[in-house]
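Input: a single structure, listed below in structure tokens.
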Amino acid sequence: MRPIVIVPACTRDFGEHPYHAAQYKYVDAVVLGADCAPMILPSLGPALDLDTMLALCDGIMLTGSASNVHPSYYSEEVLDPSLPQDPARDQTTLPLIREAVKRGIPIIAICRGFQEMNVALGGSLHQAVQSVAGKFDHRENPELGMDEQYGDAHNVTIVPGGCLERMLGMPEIPVNSLHGQGVNELGPGLRVEAVAEDGLVEAFSVATAPGFTLALQWHPEWRIQHNPYSMKMFGAFGQACRDYQAQKHARQRGSA
């Protein structure tokens with residue numbers, strides 16, 4: 001059996017009705033990149049049975065989204081009320097992250113997921129990176145086509161000695177850039193894995209976690225099979241999920 005990877009949903013309104021939704025490209029990345037079985041998790045907030053969901057899964061992928069993590073979680077007020085929020089997702093993913101890290105469940109986090117992972121573990125965000133002195137504008141141009149929006153935008157420097165360097169074996173790689181927010185203060189115990197040319201943190205891991213963790217500000221899921229770096233990262237995540245699944249089954253047999 002393939003490992004089960006939880007993909008937390010966003011909440012969205014389509015017409016008159018609210019939905020739990022996950023984009024195809026994230027689900028595809030779990031299947032095509034990690035060779036795992038995706039399970040979309042509704043954003044139920046406090047109503048979520050966290051123990052049941054974590055007992056079922058062998059990994060977690062935190063997706064990107066148009067919405068932002070509410071700044072009250074890092075003791076700030078909303079800077080731009082016109083930008084979308086998703087309180088149900090915040091209430092679902094933040095406790096999910098903290099508990100999954102403790103249990104050693106493998107996690108890969110992308111864009112919003114990268115940001116919510118930092119916040120869940122005690123960090124804070126720049127709400128408008130483009131307004132911070134010395135930082136670039138990391139947002140996409142919405143007037144361009146999707147392939148251009150998700151095309152290479154800048155390079156990231158990979159920090160020597162980290163898990164990302166071990167996965168990729170490269171000192172630098174090109175990445176896309178489609179975000180307005182970014183890491184301000186990194187949470188305690190987090191290790192920088194890559195930085196942009198302006199010094200913004202673009203990837204981190206949880207140095208103290210017993211399991212695989214990798215958080216990426218860019219979008220490696222985009223056309224994943226055409227990007228060898230993305231395939232290596234998701235391949236490593238998938239292997240970590242298989243290892244966790246095997247260890248979980250061994251524990252279950254031992255307690256039977």
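The values are calculated or read from the model by the stated rules, or taken from the named source; none is laboratory data. Since this is a predicted model, take the numbers as computed values, not measurements. Please note: Cβ atoms are built from the backbone with ideal geometry, for glycine as well, and neighbour counts cover all protein chains shown. With ligands, DNA and RNA removed, areas are computed over all heavy atoms of the protein, side chains included. Shrake-Rupley method; radii C 1.70, N 1.55, O 1.52, S 1.80 Å.
Annotations
- Local electrostatic count, C163, Cβ distance below 10 Å [Lys/Arg +1, Asp/Glu -1]: 0
- The range 48-89: proportion of alpha-carbon pairs further apart than 16 angstrom, %: 54
- E16-L56 pseudo-label distance in nm [points 7 Å out on the Cα-to-Cβ vector]: 3.0
- The slack between A207 and L144, meaning 0.36 nm per residue of separation minus the straight C-alpha distance, is 18.9 nm.
- In terms of its C-alpha gyration tensor, the range 53-148 has a prolate overall shape, because the principal axis ratio a/c (a ≥ b ≥ c, square roots of the eigenvalues) is not below 1.5 and a/b outweighs b/c.
- Fraction in percent of alpha-carbon pairs per bin - 5 Å, the range 140-256: 2, 10, 18, 21, 18, 13, 8, 5, 3, 2, 1, 0
- When a 1.4 Å probe is rolled over the protein heavy atoms, the share of accessible surface on the range 4-255 that falls to carbon and sulfur comes to 53 percent.
- Centroid-to-centroid, using Cα positions, the range 35-79 and the range 90-118 are 7 Å apart.
- Residues of the range 4-255: accessible area per residue with a 1.4 Å probe, Å²: 45
- Each residue, Q247 and Q85, gets one label point 7 Å from its Cα in the Cβ direction; the gap between the two is 3.7 nm.
- Ranking of H70, H226, H20, H138 by solvent-accessible surface, largest first: H226, H20, H70, H138 (1.4 Å probe, protein heavy atoms only, all chains present).
- Theoretical ellipticity at 222 nm over the chain - DSSP helices of four or more residues, -39500 (n - 2.57) apiece, nearest 500: -9000 deg cm²/dmol
- Here the scattering of the chain is modelled by Debye summation over its C-alpha atoms, one equal scatterer each and no solvent; at q = 0.09, 0.10, 0.15, 0.16 Å⁻¹ the log10 of I(q)/I(0) is -0.36, -0.45, -1.08, -1.24.
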